[in-house]
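To keep things clear, I will list the structure first and then write my remarks on it.
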Amino acid sequence: MQVVLNVSEKSPTLWMFLSRLCIVLIFLYFHCLAGAPCLFAQSMGQLSGYVRDTRTQEPLIGATVFLENTSLGGTTNVNGFYTIENIPPQTYNVTASYVGYQSATRYNVVIRSAGNPALNVELQETADQLNEVVVEASPFEKSSETPNSIQRLSQEEIATYPGGNNDIAKVVQSLPGVSGSVGFRNDVIIRGGAPNENVYYLDGVEIPNINHFATQGSAGGPVGLLNVSFIEGVTLSTSSFPAQYDNVLSGVLQFDQRNGNAQERRGNFRLGASEAALTLEGPLWMPADDSLARTTFIASVRRSYLQFLFKLIDLPFLPDYWDYQYKINHQIDDRNEIYLTGIGSIDDFSINPPQEATQEQQAILEQVPIIRQWTSTLGLSWRKRFRQGKGFMRTTLSGNILHNDFRQFADNEAQTGLLFNNNSTEDENKLRFEITRFLNAWTLSSGFLAQHSRYSNTTTDEINAVAYTTTTRFYRFGLFSQVSRPFLKERLNASLGIRADGNTFTDDGMDVSQTLSPRLSLSYWLAPRWTLNASVGRYYKIPPYTLLGFKDSQGNYANRDARYIRSNHWVTGLEYLPRKSTRITIEGFFKRYAYYPVSVRKGVSLANLGGDFEVLGNEDVVSNGRGRAYGVELLLQQKLNRNFYGILAYTLYWSAFTGLEKDLYIPSVWDNRQLITFTGGYKLPRNWEAGLRMRYLGSTPYAPVDLEASAATYPTLLKEYNRLGDVRLAPFNQTDIRIDKKWNFAQWTLNLFVEIQNVFGSALPQPPTYTLQRDDNGQVLMPQQLIEVTEVNNSARVPTLGLVIDI
């Protein structure tokens, strides 16, 4: 069932806007009564953090940190810690420097009178051979292992992203090669691959999904569950993956969480487009003096309120969710630290029968699934730095659970006539170990993964005559090694890695020779400001639990013969830095897939599924599918300079997969061909800021509904996957704007923002919506026939008012 959030008819956005405006005005009114003078006082801010060696993570003593175009600065102490006080609140570029190291600049650092997160800077040692040329490090992150296809966004870029609602999954869609589902979904589609080809890491702890109401067996959902207040930065790699990462075919998203404040306790409250969030942080135990606490915490809880507004204005479904996130960090000594991190969610997607349903609302009411889901991830990690900067090691023990109760009824309102039921639990426990050694110019990394997996499921599918119960337990394991070194007087950087994975469940799971995955990356410094990058690699992913645990009518595991999905990558690109704050890159890429699962019943590659409210899998497959995705990406990125920052990205690509006919390539449902995004902002005087996002997606293929067959199975709609590629949606474009205003008071700060999504009222392209033909009294006519819903208004402008308070 495809759900498109249409709020134009009885728009909740007006209710959202007015209700939040009242909250803000009441808050400011009572604050004026309590102490009006502080509204006009401009308080000063403070900035602190650590400066470390990029490679060894050793603290740099005596490093200088200063705010550009000011006389304000500070010097690091014996712990590499600095503090700069009495800073006028506004936006700065901050530069750190140290003798023998390349200086580094952090752009778009917003200073407030309260709630400033630590700004940690890493410096790279200067190569003696290039001293005359290389004096400042590039602010655009890359490494020997991943010299291309990598992007990083700061916390401020995520928080002020127009149309993003502080949702990281939406924010990364501004980067080259990344598209997303159109409508009430949050899938991350990278270079024409399926949404479940990505992996997500939170401080080295793998999390299966970053969305509420997750599509089991795939990824994505309507709302992200990561709290942006925790995030120090996010790094996206779309190829050239380091060998430490397993189960990835298209993208690695690494979320770096900040530690809680080590000097004082603080709070943050945020009211966004769909939820309210409260974050607390500080020392777990306050230090006796002015020293930094060794144990800190940061914790948050978020609560949606869309379900209340949707019910108030009589929409047919109610998305209700909670989530929580926390991190406790303890510094054992100068070389050892441990941290405990966790994240979880509670989701309830229910129906709300309108009193006077429109034809479109009636179709949604009948076809939408009822979802009750909860997730939990917990990780404990120990990091140790070796003496004399010889390397480090990290050991991580983690566990994650997904429980999914997914149901569809013939009569959703009465919840009778059960058509589909998936009641399942995915439970993983993992031990990861990684050690990195520095031997002169060589960097050597190796490690392993040991994992226990448990999957239980009770499924009933009346339409396809499937019913089974399963409890599956098995082990997964992996080994990796990577070596990196510069050559030719530091002009050439090379990295070679290899990985092998196995499991105890599939027929060939113990034969690790079938999953050997070598990878090689090269970066050559052509001339000042010009770099040529290239990489080649082979990557594997085990099929999802919903496939592995599926049983046939005889009670046998039908997909034990499923193979690891394989993807070979070839990428080359050119990078040009016209000035230190500007980057221009062009990259060409080619991905070739093998052993992709193909549905026996539907005759389509599972690469084309998983972008809807469904359960991916629960069926017999054959592992003979192929695929290919190739194209070219152009990126122009400007860090904050003269009050402006922005990202302009263009991608031209093709994506196709085979079905049961393994030599017949069919355009995939992700084959948009063209992606264009622009995201930028301008810093105005007096702490005003304006942001703009423009997004264009080319026409999208879709599988049309088989009207004759679906009339008998309604509300389950059957699609003609053999016609995939014959019909396409119209191109999609949307423009969002956002205006921020910050106030700084003696002990707290207030940030108000107004956001308008889809400013020009562009129509949201979507496949035709169908419902049963009815008479004037609303009774279904017999024999049942499907008719297209014609009164669909999907061009609403969505205004939002939000606020952020830091104490």
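List of remarks:
- In this structure, the residue pairs whose Cα-Cα separation is over 30 Å, taken from 170/327; 390/489; 551/591; 541/662; 639/742, are 551/591.
- Positive end of the dipole of the range 572-684 (Cβ unit charges, origin at the Cα centre): among 655, 574, 618, the Cα lying farthest that way belongs to 574.
- Between residue 737 and residue 61, residue separation times 0.36 nm minus the direct Cα-Cα distance comes to 239.0 nm.
- Heavy-atom accessible area for residue 44, with the other protein chains in place and a 1.4 Å probe, reaches approximately 100 Å².
- For the range 700-756, the relative contact order works out to 29 percent when only alpha carbon pairs closer than 8 Å and six or more residues apart are counted.
- Positive dipole terminus of the chain, leading residue within 297, 75, 737 (C-beta point charges): 75
- Each label point was placed 7 Å from the Cα along the Cα-to-Cβ direction; for residue 516 and residue 314 their separation is 6.8 nm.
- In the assembled protein chains, residue 407 presents an accessible area of approximately 80 Å² (probe radius 1.4 Å).
- Simple point charges give the picture: +1 on the Cβ of Lys and Arg, -1 on the Cβ of Asp and Glu, and for the chain a dipole about the Cα centre of about 2380 debye.
- Total charge dipole magnitude, the range 498-620, about the Cα centre, Cβ charges on Lys, Arg, Asp, Glu only, Debye to nearest 20: 760
- Cα gyration tensor shape of the chain, rounded if a/c is under 1.5, else prolate or oblate by comparing a/b with b/c: oblate
- Per-residue surface analysis assigns residue 571 an accessible area of about 10 Å², computed on protein heavy atoms at 1.4 Å probe radius.
- Averaging the Cα positions of each part gives two centres, and for the range 363-442 and the range 198-270 these lie 11 Å apart.
- Residues 199, 754 ordered from highest to lowest accessible area at a 1.4 Å probe: 754, 199.
- The distance linking the range 82-104 with the range 478-518 is 39 Å (Cα centroid to Cα centroid, whole angstrom).
- Residues 85, 122, 360, 145, sorted by accessible area with the largest first, give 85, 122, 145, 360 [1.4 Å probe; ligands and nucleic acids excluded].
- The relative contact order of the chain comes to 12 percent, based on Cα pairs under 8 Å that sit 6 or more residues apart.
- Rounded percent of accessible protein surface that carbon and sulfur make up, the range 391-469, 1.4 Å probe: 53
- Bridgeable aspartates and glutamates around residue 741 (alpha carbons under 19 Å apart, same-chain partners fewer than 8 residues away excluded): 156, 157, 689, 755, 806.
- Beta-bridge orientation, the chain: approximately 95 percent antiparallel, per DSSP, counting only bridges with both partners inside.
- The range 748-768 and the range 589-605: distance between their alpha carbon centers, rounded to Å: 36
- For the range 156-311: span of alpha carbons on each principal axis (Å, largest first): 55, 48, 27
- Length gained when the stretch residue 579-residue 294 is fully extended (0.36 nm per residue, less Cα-Cα span): 98.6 nm
- With all protein chains kept in place, the per residue accessible area of the chain amounts to 40 square angstrom at a probe of 1.4 angstrom.
- Under DSSP loop assignment and at most 13 Cβ neighbours within 10 Å, longest chymotrypsin sites (Phe, Trp or Tyr not before Pro)-free interval of the chain: 286-759
- Heavy-atom accessible area ranking, 1.4 Å probe, most first, across 143, 581: 143, 581
- Gain on full stretching of the segment that runs from residue 754 to residue 682 - 0.36 nm per residue minus C-alpha separation: 24.4 nm
- Signed unit charges on C-beta, dipole axis of the chain, positive-most listed residue 389, 474, 694: 389
The values are calculated or read from the model by the stated rules, or taken from the named source; none is laboratory data. This is a predicted model, so every value here is computed, not measured. Counting neighbours? That spans all protein chains shown, and the Cβs are built from the backbone with ideal geometry, glycine included. Just the protein is used for accessible areas: all its heavy atoms, side chains included, with ligands, DNA and RNA removed. Shrake-Rupley method; radii C 1.70, N 1.55, O 1.52, S 1.80 Å.
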